[in-house]
Amino acid sequence: MATQKLSELARVIRSKNAGPFEITFDVIFDDVHHYTRVKTSGALNHDRICALYGVPPEDIVTLMFFDPARAFKLTLKRHWAQGSIGERDTFGAQQHAPLMDVEIPASFQRKH
């Protein structure tokens, strides 16, 4: 199996407003194997997020996997306050697009 885009493995990839100074992202899986593959791949890490969103590490508020929900959660500080002059996405609903194309390496099976 070759690499696959995150959008091919996740059921939901979304972003939304998390108050006037933060935006949050959810990546939710309906298949435990896809979730485990993404989690163990290390592809969703601080360096990748900083590169995707052009933010310094200190702008990452939350970056975690939550096993009971088979989900990845990310929260970033906004570059400017929600609703301020120049705001391009007050609801934060269009910011998840860079996550969709993240390449997830093929999982591997250990030989016994």
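Computed from the coordinates by the stated procedures, all read-outs in this text should not be read as laboratory data. Note that the structure is predicted; figures quoted are calculated from it, not measured. Cβ atoms come from the backbone with ideal geometry, glycine included; neighbour counts cover every protein chain shown.
Worth pointing out:
- Likely footprinting exposure, 70, 48, fewest C-beta neighbours within 10 Å first: 48, 70
- In a simple Cβ point-charge model (Lys, Arg +1; Asp, Glu -1; nothing else charged), region 4-80 has a dipole of about 120 debye relative to its Cα centre.
- Rg/Rh for region 4-80, where both radii come from Cα atoms and Rh is the Kirkwood radius: 0.96
- Estimated distance in nm for a label pair at residue 30 and residue 77, the labels positioned 7 Å out from Cα along Cα-to-Cβ: 3.8 nm
- In this rough spin-label picture, where each label sits 7 Å from Cα along the Cβ direction, the residue 94-residue 3 distance is 2.7 nm.
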